[in-house]
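Notes to accompany the following structure.
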Amino acid sequence: MVAERQHLVFSRDQQYCKTRFKEKDVSLAVLTVVFCSGILSILIATGFWVFINPFPITKAGYTPLSSPDASSIYNSFKNKFPPIKTEENTCSKRIIGYYSGTSDSEITINQVSKLTHAIFAFVQLTFDGTLVFRNKNRFMALRNIAKTENSTVKFMFSIGGPGHSQNFSPVVRNQEKKRRFIKSIFSFLEEHKLDGVDIFWKWPHLADKHAYSQFLLELNEILKTRKDYILSILVPPQGIGFASGFKMNEIVENVDFINIFAMDYYGPWASGWGNPTGPISPIYGGSERREQWNVDNTAAIYSCETMRSSKFNIVIPFFARLWNNVGKPIDFPGKEVYRNVTLIDGKAVGEVYMPRRSALQKGYNLSSYNYDDLSETAFIYNSTTKEYLTFEVKRSIAAKLDYVQNMNLGGVWIWQMDMDDESDKLLDTVVFDDGFCSTKKSKEYDCSMF
Ligand SMILES: *[C@@H]1O[C@H](CO)[C@@H](O)[C@H](O)[C@H]1NC(C)=O
Ligand SMILES: *[C@@H]1O[C@H](CO)[C@@H](O)[C@H](O)[C@H]1NC(C)=O
Ligand SMILES: *[C@@H]1O[C@H](CO)[C@@H](O)[C@H](O)[C@H]1NC(C)=O
Ligand SMILES: *[C@@H]1O[C@H](CO)[C@@H](O)[C@H](O)[C@H]1NC(C)=O
């Protein structure tokens, strides 16, 4: 139910663009290309051409996979080049930043240079497996900075997102749509010279489990054939009942990394779950009935399930979260951070995603806060205004980075870059203290518990 709430607050454009490609023109072009290639390959009599151009990508950038020629090429290509398995590298801690396509915050070289991966969010998936690309100006602004000379950041795009995931299920469960989707992704990567793709599907159901895993396997095979394109996905927090659509043991072999959505355990939701207050993304602990709702529990379950902790990244939320009508701690005086919220008509009142610069504009001083040692989180409570604000600070971020290093996780992902304050103060604190080649691993998860 937490996830359902979120799409309400994400901005949503009024209209999809027109589909970019006209099928008829493309089919004609494809027929021509396929015909000519037939003659060519006979003339050259090697068949080598198939390797050079396995997908006859037209100017329009998209070829339907339904034609028998195209799918036989696809199959023969698939079999000839098994996916590349990249070795796990201990010098590859990640700092991943998502940029919202709809924000108008400034994107700077200074920001992007602090990331290992910059991800444009989002490109949308249509019901028939093609992609809809909006906010192109913002995309180009990020692209230009990510691709400046000597830049080492990997530039990726993300598909789906909160409130825009309804087409994943019908597409991955239909062979033809699935293939069209895979081709659309491949074409998009080639056309815009990107480094990889991120699938942000919140959340597949049990009925999608097999199809989603199969889709990722097939997508990865294609992505790793021509170039080593990166494939990443998002997975939900554990213990809340969203994780049933993921065959983790299979998936972990077919993606480069996995961003754990270990947040939104507490929020001013429009339901009883809006009470009590609590940290957005606590490392440890929880309030009554939510003892397992934290980063540690979620990361432990995924790591134990797959034994591949270094594939997983935990989240650093860059926004602040506000509750109104907040009273005493629910477990006075021990847990100041979990406080009783008076619901109005059964709903909590507040602001779920408040960019830090808005918080500052509204007069909240984010340098003056209380710190909860157990959960490693910061909050402000004002008993006069009955307001409660929670957000990350240098100390809580240091605790998260330390956790990543100690548990040998892969890194962190920032949701989202556009929500920092004007001078990127929070981003400046996201630095691994022993660099990207961390060897600090000091603890093991106790997997006997799961
Ligand atoms: C890129 O690196 C080269 C070699 O170190 C250097 O000469 C050049 O000035 C750099 N370009 C930019 C834009 O920093
Ligand atoms: C929470 O606040 C409401 C309204 O002030 C009050 O009726 C209720 O007893 C409080 N609950 C707890 C657990 O303190
Ligand atoms: C914000 O809080 C910090 C730390 O308590 C303090 O030093 C600073 O003066 C405060 N800023 C404002 C504008 O009140
Ligand atoms: C609480 O908010 C009131 C009204 O904005 C303000 O005057 C007061 O200084 C705040 N108290 C604290 C402890 O920040």
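Worth a mention:
- Once the chain from Asn144 to Gln166 is taken as fully extended at 0.36 nm per residue, the excess over their C-alpha distance is 4.8 nm.
- Computed from label points 7 Å out along Cα-Cβ, the spacing between Glu190 and Arg289 is 5.3 nm.
- Looking at the range 399-450, the trypsin sites (Lys or Arg not before Pro) that sit in a DSSP loop and have at most 11 other Cβ atoms within 10 Å of their own Cβ are Lys443.
- Between the amide H of Gly101 and those of Ala121, Phe122, distances stay under 5 Å, these residues lying 5 or more places away or on another chain, with hydrogens modeled in the peptide plane.
- Residues Lys209 and Ser442, FRET efficiency given R0 of 60 Å [Cβ-Cβ distance, rounded to 0.05]: 0.95
- Sparse packing (at most 14 other Cβ atoms within 10 Å of the Cβ) combined with a DSSP loop state is found for none of the chymotrypsin sites (Phe, Trp or Tyr not before Pro) in the range 368-411.
- Cα centroid separation - the range 168-206 against the range 321-362, whole Å: 38
- Entries of Lys335/Lys440; Lys154/Lys443; Lys178/Lys400; Lys154/Lys440; Lys147/Lys425; Lys183/Lys209 with Cα pairs more than 27 Å apart: Lys335/Lys440; Lys154/Lys443; Lys178/Lys400
- Furthest towards positive pole of dipole, Ser368, Ile330, Leu401, structure part the range 316-424, Cβ charges: Ile330
- Additional length obtainable on full extension of the chain from Thr126 to Arg357, 0.36 nm per residue less Cα span: 79.8 nm
- Positive-end residue of Ser423, Thr439, Gly411, charge dipole of the range 372-450 with Cβ unit charges: Thr439
A short reminder: the numbers here are calculations on the coordinates, not readings from a lab. Note that the coordinates shown come from a computational prediction; the quantities given were computed from them, not determined experimentally. Quick reminder, even Gly has a Cβ in these numbers, built from the backbone with ideal geometry, and neighbours come from all protein chains shown.
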